[in-house]
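Note sheet for the following structure.
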């Protein structure tokens, strides 16, 4: 091989390496993050000139996809247990970091005739009046798990269970209520507070379910840009946005 070809190949290798490093990472995120994370990603592009691909779903489904080899650079779970499991199985760079505490709400479309209240007796009355109540699937969605725990703790699970419709994730459960497919939903505060969501909501007391401790971690073999976005999420500008959507700083 001639020296010129060797030089050209060396430059080509450097170009490919740089391109891979700058490739937009895929960020897998719990659905409660949709509006907050889209705003943060837009800021990231404006500030850093780099894009990220956002994939939203229930934490349990995204966790299983990571275990099956999905090419995610970063996973943002609504339940720290999923991140802890991936770390124990050697699939994350480290133990990750807690980025937020989530809250749940009773949510309905504006003008709904059913009156929602955090008061136990008022809620039981609302459940009796409702034909359908939407929650995320508690089998794999942390916000669904919290909704189920809440209904159990106020003694309304048996009453509500026959009327429940399950969303694949918290965004879908919320959409059921907003479109009238359900009379109301037990949703995420972060979705209820989004300007794009026109709803009426009531905050559920945090002592009626386990804290929604939300954790994120870099997946092994992620690109450099995934790490850059991971660090950007921990900057004050990003934290301010999270707070605006009702997330409590850990």
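The modelled label-to-label distance between residue 158 and residue 45, using points 7 Å beyond Cα along the C-beta direction, is 5.2 nm.
The helix-only estimate of mean residue ellipticity at 222 nm for the chain, built from DSSP H runs of length n ≥ 4 each weighted as -39500 (n - 2.57), is -13000 deg cm²/dmol after division by the residue total.
DSSP beta bridges confined to the chain are antiparallel in about 60 percent of cases.
Quick check on segment 102-208: take the gyration tensor over C-alpha atoms, sort the square-rooted eigenvalues as a ≥ b ≥ c, and tell me if it's rounded (a/c under 1.5), prolate or oblate. Before the final figure, lay out the partial values.
Values: a/c = 1.26, a/b = 1.10, b/c = 1.15.
Note, shape of segment 102-208 comes out rounded.
Sketch the reach of a paramagnetic label on residue 196 as a point 7 Å from Cα along Cα-to-Cβ, and name the residues of segment 145-171 whose backbone nitrogen lies under 13 Å away. Flagged as within label range: 171. Its Kirkwood hydrodynamic radius, worked out from the mean inverse distance over all distinct Cα pairs, puts the chain at 19.3 Å.
The angle separating the long axis of helix 120-129 from the principal Cα axis of greatest extent in the chain is about 90 degrees. The modelled label-to-label distance for the pair residue 54/residue 181, using points 7 Å beyond Cα in the direction of Cβ, is 2.1 nm. Using the Cβ-Cβ distance between residue 89 and residue 231 with R0 set to 25 Å, the FRET efficiency from 1/(1 + (r/R0)^6) comes to roughly 0.55.
Structure remark: mean-square fluctuation, Gaussian network model of the chain, C-alpha springs under 10 Å; the largest value among 25, 71, 138 belongs to 71.
If the segment from residue 208 to residue 220 were pulled out straight at 0.36 nm per residue, it would be longer than the present Cα-Cα gap by 0.7 nm.
Just so you know, all these numbers are worked out from the coordinates, no wet-lab data involved. The structure displayed is predicted, hence computed values, not measured ones. Every residue, glycine among them, receives a Cβ derived from its backbone with ideal geometry; neighbour counts consider all protein chains shown.
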